[in-house]
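Visitor: Sharing a structure here in structure tokens format.
The values are calculated or read from the model by the stated rules, or taken from the named source; none is laboratory data. From a predicted model like this one, the values you see are computed outputs, not experimental measurements. Heads up, the Cβs are rebuilt from the backbone with ideal geometry, glycines too, and the neighbour counts pull from every protein chain shown. For accessibility, only protein heavy atoms count, side chains too; no ligands or nucleic acids. Shrake-Rupley method; radii C 1.70, N 1.55, O 1.52, S 1.80 Å.
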Amino acid sequence: MAETIIIPNEHGPYHVKGDFRLVLSDGTELDVEGGETWLCRCGLSSMKPFCDSTHKKSGFRCDNVEMVERSGA
Ligand code: FES
């Protein structure tokens, strides 16, 4: 069973783990099986959609930490 876990890190990026497809703005699709990545949610990364840790220097704050788990076929 495919499983994707998305963890919004407190005051930081979305940590995505498991099996997922990442579709970039140019249409490129990256299929990842059993991997992980960190996606920017502060909007300041120079490597969007990926986090480059700029959120730490910027003082980005987000207190709505929650865990979302999705299971698929
Ligand atoms: S969340 Fe890390 S650079 Fe945006």
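Visitor: Would you check which residues across the range 39-59 are open to solvent by 100 Å² or more (accessible area, probe 1.4 Å) and either in contact with a Cys (Cβ under 7 Å, 6 or more places away or on another chain) or within 7 Å of the ligand (Cβ to nearest atom) (or both) and list them?
Guide: Scanning the range 39-59 gives a single hit, 48.
Visitor: Would you confirm whether any residue within the range 13-35 is within 9 Å of the ligand (Cβ to nearest atom) and either surrounded by fewer than 16 Cβ atoms within 10 Å (Cβ to Cβ) or at pLDDT 90 or above (or both)?
Guide: The first filter runs over the range 13-35 and keeps only residues within 9 Å of the ligand (Cβ to nearest atom), leaving 13-14.
Narrowing the set further to residues that are either surrounded by fewer than 16 Cβ atoms within 10 Å (Cβ to Cβ) or at pLDDT 90 or above (or both) leaves 13-14.
Yes, the range 13-35 contains at least one residue that is within 9 Å of the ligand (Cβ to nearest atom) and either surrounded by fewer than 16 Cβ atoms within 10 Å (Cβ to Cβ) or at pLDDT 90 or above (or both).
Visitor: Sort out for me the strands (runs of 3 or more DSSP E) sitting completely within the range 1-54 that have 2 or more residues that are of a type in the set (Lys, Arg).
Guide: On the way: elements: 2-8, 14-23, 29-39.
Because the criterion is at least 2 residues that are of a type in the set (Lys, Arg), the strands (runs of 3 or more DSSP E) in the range 1-54 that meet it are 14-23.
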